[in-house]
Amino acid sequence: MVANVVVVLKAYARAHAGFRVAAGDPGTKLKREPDVLRGPDVAMVRAERRPTGRGEAGWLEGAPELAVEIVGDAQPMSDLLKKATEYLSAGSKLVWLIDATAERVVVLTPPDHVRVLGAGEVLDGGEAFPGLRCEMNALFE
């Protein structure tokens, strides 16, 4: 599932200069004192915000513009909804929570808009990422 999301976002980043995509729990520092550290399954950030350091210096300050979390056995939807609200509170423009088993995506945008998409619908980037589109059936291939 992560690979399919990365393919969709990389295609968008290539067509819309100025974005970078990272996968595999890229570290983000959402807040300090107390520290709130998260690692979304996939993230897209503006190129100028992309961290270049190693270790903790390589963590993104603030939330990614787009954060993607994938429901799994280790993280139920309730935990991912909590993380989604943290991303949004820290400045994310869009959060996708993907449930591959149910073949649906919960789309969250600030301040409090939630949509649930299923088979046959189109996942898009909304106002934050114009032109970002993916057929739900293709996402779950």
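Read-outs throughout are calculated quantities, based only on the coordinates presented, and are distinct from any laboratory measurement. Quick caveat, the model's predicted, so the values are computed rather than measured. Cβ coordinates were reconstructed from backbone atoms using ideal geometry, including for glycine residues, and neighbour counts include every protein chain displayed.
Per residue of the chain, what 222 nm ellipticity follows from adding -39500 (n - 2.57) for every DSSP H run with n ≥ 4, rounded to the nearest 500?
Computed ellipticity for the chain at 222 nm equals -6500 deg cm²/dmol.
So for the chain, taking the charge dipole from beta-carbon charges (+1 Lys/Arg, -1 Asp/Glu), which of C134, A119, T28 sits furthest toward the positive end?
Result: T28.
How long are the three semi-axes of the equivalent ellipsoid of the stretch 2-139, in whole Å, if each is the root of 5 times an eigenvalue of the C-alpha gyration tensor, listed from largest down?
Values: eigenvalues 99, 63, 37 Å².
After scaling each eigenvalue by five and taking roots: 22, 18, 14 Å.
Across the stretch 24-33, in residue order, what do the Karplus-derived ³J(HN,Hα) couplings come to in whole Hz, using 6.51 cos²θ - 1.76 cosθ + 1.60 with θ = phi - 60° and x for Gly and Pro?
x, 6, x, x, 10, 9, 6, 7, 10, 6
Using the alpha-carbon atoms, what tilt in degrees (0 to 90, nearest 10) does helix 2-15 show relative to the longest principal axis of the chain?
On a 0 to 90 degree scale, this one is about 80.
For R133 and T101, calculate 0.36 nm times their separation in residues minus their Cα-Cα distance, and state this gained length in nm to one decimal.
Details: separation 32, 0.36 × 32 = 11.52 nm, distance 2.11 nm.
That pair, R133 and T101, stretches by 9.4 nm at full extension.
Kindly flag which residue pairs out of K31/K93; K10/K82; K10/K83 have an alpha-carbon separation exceeding 21 Å in this structure.
Values: K31/K93 16 Å; K10/K82 26 Å; K10/K83 23 Å.
K10/K82; K10/K83, as the Cα separations exceed 21 Å there.
Let's test the formula: R0 of 25 Å, r as the Cβ-Cβ distance of E33 and V122. What FRET efficiency results, to the nearest 0.05?
Efficiency at R0 = 25 Å is approximately 0.05.
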